[in-house]
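Written out below as structure tokens is the structure these notes cover.
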Amino acid sequence: MMKFVLDTSALTDPRLRKRFQVSELWEAVDKCLDLMALGRVRLGFTYYTTPSVLKEIKGFLERSSSPSEVVARLNVWLTPATPSLNDLKIPALVFLEYVEEVRRRLDKGLRVAEESTRKAFSGGDVGEHIRNLREKYRESTRKGLLDSVADLEAVMLAYQMSAVLVSNDEGLCKMARKLGVTCIDPLTFVHTIEEYLRLSKRGAEGQT
């Protein structure tokens with residue numbers, strides 16, 4: 001029986017709309033939940049998330065004018081769970097490497113700020129300088145780095161449950177792999193369920 005832990009992007013990734021040939025976020029989520037339901041009923045797949053992620057997904061749906069039925073379906077197929085952080089044992093090397101990465105990113109962010117300051121003193125539009133600084137600083141310090149409590153909880157839950165983590169977040173998956181947790185993106189998640197369902201159906205037909 002396969003277990004999956006979903007982060008917010010597992011259901012809100014914009015590529016899912018194209019994959020399911022729909023235009024609205026809630027429609028893609030509804031299609032995804034249909035598939036997940038089949039995986040649960042026919043194959044015994046189970047799907048988990050953290051309470052904070054579940055709340056975030058519901059927020060996305062409510063802001064996209066989702067029908068209440070779709071929001072309610074989240075509670076049927078997604079089981080909220082909180083990792084037992086006090087009981088988890090994490091290799092110290094993982095956190096040593098993480099601290100080193102954060103330090104490197106902060107140094108890089110400092111260089112970006114210094115460069116932006118020099119450009120600002122040379123003249124030009126202040127607003128444009130600020131926008132460029134924010135964009136480059138965010139790129140330097142946050143892209144590909146685990147930087148939220150919600151993301152950390154999702155990784156820890158997958159680690160604790162020996163489950164597959166579903167996310168398109170580079171930093172999240174990077175941390176997961178360091179812990180030995182398999183991380184797949186939302187499109188692979190959809191394909192995985194479809195492929196197992198296809199093989200299951202073919203196997204059932206072969207027995208008749």
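Before moving on, here are some points about what is shown:
- Pair list, Cβ < 9 Å and 6+ apart or interchain, from segment 118-130 residues that are touching a residue at least 12 places away in the same chain (Cβ under 8 Å) to residues that are surrounded by 10 or more Cβ atoms within 10 Å (Cβ to Cβ) and among the charged types (D, E, K, R): His129/Lys119
- Condition check for Arg111: crowded, with 16+ Cβ neighbours inside 10 Å and outside any loop (DSSP other than H, G, I, E, B): no
- Selection within segment 1-38 - within 14 Å of Ile193 (Cβ to Cβ) and crowded, with 22+ Cβ neighbours inside 10 Å: Phe4, Leu6, Ala10, Leu11, Leu16, Cys32, Met36
- Unique match (being assigned to a loop (DSSP other than H, G, I, E, B) and on the phi > 0 side of the Ramachandran plot) among Ser84, Ser65, Ser23: Ser65
Taken together, the values in this text are just the output of simple stated rules run on the coordinates, not laboratory data. As the structure is a computational prediction, the values presented were derived from the model and not from experiment. As a convention, Cβ positions derive from the backbone with ideal geometry for all residues, glycine included, and neighbour counts pool all protein chains shown.
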